[in-house]
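One structure is given below, encoded as structure tokens.
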Amino acid sequence: MNYGRIKYFNIEGSRVEITFENAVGYITAVTEEIINIFSPFKPECNHSFAIEGDKSRNVHVIANMVGNYIVISTSKLAIYVYDNFQTQIMTSDGTLICRDYKGEREAQGAAIITQEAIEQARMEGHAMSDGIAHHKIEVLKCMEGSECFYGLGDKYNFLNKKGYAFEMWNSDIPDPHYESMPSLYKSIPFLIVHREKVDYGIFFDNHHRTQFDLGKENAGYYSFSADDGDLNYYVISGDSIKSVVSGYTYLTGTTPLPQLWTLGYQQCRWSYENRDELMSVAVSMRKNEIPCDVLYCDIDYMDDFKVFTWGEKQYPQHREMIDTLSEHGFKVVTIIDPGVKKEEGYSVYDEGVRNDFFVHGTDGRIYENVVWPGDSVFPDFGRRAVRNWWADKQRIMTDDGVAGIWNDMNEPASFRGEIPEDVVFCDEERKTTHSEMHNVYGSLMSKATYEGIRRHTGKRPFVITRACYSGAQKYTTGWTGDNQSHWSHLRYSIAQMCSLGLSGMAFIGSDVGGFGSDCTPELLCRWTQVGCFTPLFRNHAAKGTRHQEPWAFDQQTLDICRKYIRLRYRLIPYLYDCFHETESTGLPVFRPLVLEFQKDKNVLEINDQFMVGQWLMVAPIVDQGRVSRDVYLPKGCNWYDFHTGERFPGGTRILREAPLDTCPIYVREGAVLPMWPVMNYVGEKKVDCLELVVYGGDGEYLHYQDNGTDFAYRDGEYNLYRFVSKRGCLSVELVNAGYAERYERFKINLSGKLFNVKFTGRRLNAIR
Ligand code: GLC
């Protein structure tokens, strides 16, 4: 788009409207540090699927014409706007944040090759580019040289994505994922740019198909683009990566506190084919003393793959089964896909047809494609009435005692080719296309699911989704879809989950053991050692693959899996504290080292170590046959080996022995780790004595406690304890006393010295 020269501007509150020769552009200061850059291309659809409610803080903005450009300032930023709607953003003290690239696009290093040669290579199936693809909406920003690019949600790639190009188009990909894959299931067009002393985010809030090129085309610029929707992006500035992530989640929402049991171990398989098989998994869990909270029913529990039904043949008396499982501490989570079987007499289909709730083809007839149930139709989740209907449907499952809903295939996936882009979908009552609603379909389905569960149960809904768009974290957790039992998939899952976390999706996990292909005992051990630290800890495998429950191999594998699943249960109070932090700050639970230690250049590209919250660092083994590894301990603090207690200075690289039963774990000095006793499932034992392990140095830690179930905490029904460790002493203070159940005792491990102290009032002073 050629905007042409600036003609004049108007300022209205915190928004500046700039009239160019050929179009209008807007710069709005949402907050002092978040700027929205907008120009309407498709005015009828300009609402956000990611941002809900008014986020503007009525910022005081000043705008002046200086020669032939405009300077717009907030107290923190100065935005220079030039002809052709080009911008440059600076901090108020004159540091450059980012500026548009003024040159022409040019593909660096492109091979000169004839059309004939291209066609020939394509014949063998090679993907050949047609050269530079121009887009209707295209923003090019200068590469200043030292950028690292993080975020972008669900990308199967390294933490730093510089040099790669991606697309945002929710895609169901059962083939093995690989590192230069443009898109996967989720589209989160949020990019974090880190340079020395500069951090900012770009949130391109365009839910159509979009592209990001991070210096692949040309090292002189990076770009984002689209052929539909509006030019609509936010520059989120901040003094650290953390503040950029918080800025993004300020706009799009944070992950709310989950129910406590959702942090337990979860066992899944496509499928536990019938009731006996599922019950025998439950029995094996308890017999083998593997803590476990959740068992899954994958698609085969349904009657002929009809959603919201149970197959009586496979799962007779399912309510009674769920009750029995519940008596033994298991929750049941069922899968629900969007594809509704086309079958007259099936109530979900009939109701949908009667109320006109399914999407239509361009010929005006209900659109059909094939998914698990065969010929299927697709709810038009863009409409409130359809979402309400779907929300009501959740009751069928929750009344049966189902504790959570797993939303799959909601890209939406279809087996008879991808749904054509012109199939008619709605955005509320406006008719539009599949192409426009594709990337938000999974989000809208998850939101309906969340609202239904919340309405029917009053509890914090547990929803898992495969597909979504930015902002879905308010309603759903996510898993990374169909990975494979490959070592490389274990390795890449770390950066993938870190990237999702940086992009707002704090409750995330990958299928432990790998979904497709056969797992090996060694891989299961190593994957469980990573999985026990991921927010969603679920072992899952595909039909036809070898079983990979903890006991499926040999005694050693069982023992190792048990050890790490038990460790998970010991750490649940810590993880819950991380979630408590997430709800207010948007910072992820599973984080890359760079989020905590960005000043330490050595961590900018660490893909195979991660942090859990701010106190634990894990350096897992992600290669077959390896029994030791180098571990980088970031600068700025000392570190304790979790297993041996040995102390190491930060800024060092060490070699750690890691036989199969050992996952290297380090604790940051100053930590006060709260721990639970091991239990078979969350809630099995009442925890009136909390264990605290203090790791040297001075530190402060906030510990959160509530009923772990509903929303009473939002009315103040929670306790908050402050643990301060200083010069070898620990003090405890109850800083919010809103929840009736409190700890009666603390079992404290203070640098090896053990204390068992009663807690009756609100303070415990200087235990030493
Ligand atoms: C998809 C899901 C997978 C599930 C399977 C059957 O492949 O990604 O997790 O098990 O469908 O429902």
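A few comments on the model shown:
- If only residues of the stretch 738-760 that are over 12 Å from Tyr721 (Cα atoms) and small (Gly, Ala, Ser) are counted, the one that is least open to solvent (accessible area, probe 1.4 Å) is Gly752.
- Which listed residue, of Thr114, Thr74, Thr31, Thr19, is over 23 Å from Ser225 (Cβ atoms) and modelled with pLDDT under 95: Thr114
- Taking the criterion of being of a type outside the set (Phe, Trp, Tyr) and not in a loop (DSSP other than H, G, I, E, B), the residues of the stretch 153-167 that qualify are Ala165, Glu167.
- Residues being touching an Asp or Glu at 6+ places or on another chain (Cβ under 9 Å) and in contact (Cβ under 8 Å) with a residue 60 or more places away in the chain - total across the stretch 644-667: 2
- Strands (runs of 3 or more DSSP E) wholly inside the stretch 607-718 containing at least 2 residues that are touching a Ser or Thr at 6+ places or on another chain (Cβ under 7 Å): 652-657
- Among the conditions (1) farther than 29 Å from Met409 by Cβ; (2) out of contact with any helix residue (DSSP H, G or I) (no Cβ under 8 Å at 6 or more places or on another chain), the only one that His194 does not satisfy is (2).
- Test result for Phe38, in contact with a Leu (Cβ under 8 Å, 6 or more places away or on another chain), in a strand (DSSP E or B) and surrounded by 16 or more Cβ atoms within 10 Å (Cβ to Cβ): yes
- When Tyr69, Tyr80 are checked against the criterion of being open to solvent by 50 Å² or more (accessible area, probe 1.4 Å) and either β-branched (Val, Ile, Thr) or touching a residue at least 40 places away in the same chain (Cβ under 8 Å) (or both), a single residue qualifies: Tyr69.
- Listing of strands (runs of 3 or more DSSP E) fully contained in the stretch 392-470 that carry 2 or more residues being more than 16 Å from the ligand (Cβ to nearest atom), over 19 Å from Pro189 (Cα atoms) and in contact (Cβ under 8 Å) with a residue 24 or more places away in the chain: 424-427, 430-433
- Verdict on Gly613 being among the small types (Gly, Ala, Ser) and more than 16 Å from the ligand (Cβ to nearest atom): yes
- Subset of the stretch 488-541 (residues that are among the aliphatic types (A, V, I, L, M), part of a loop (DSSP other than H, G, I, E, B) and within 16 Å of the ligand (Cβ to nearest atom)): Leu536, Ala541
- Against the list (1) charged (D, E, K, R); (2) under 24 Å from Phe590 (Cα atoms); (3) crowded, with 24+ Cβ neighbours inside 10 Å, the condition Asp205 fails is (2).
The values are calculated or read from the model by the stated rules, or taken from the named source; none is laboratory data. Keep in mind that this is a model prediction, so the values were computed, not measured. As a convention, Cβ positions derive from the backbone with ideal geometry for all residues, glycine included, and neighbour counts pool all protein chains shown. Just the protein is used for accessible areas: all its heavy atoms, side chains included, with ligands, DNA and RNA removed. Shrake-Rupley method; radii C 1.70, N 1.55, O 1.52, S 1.80 Å.
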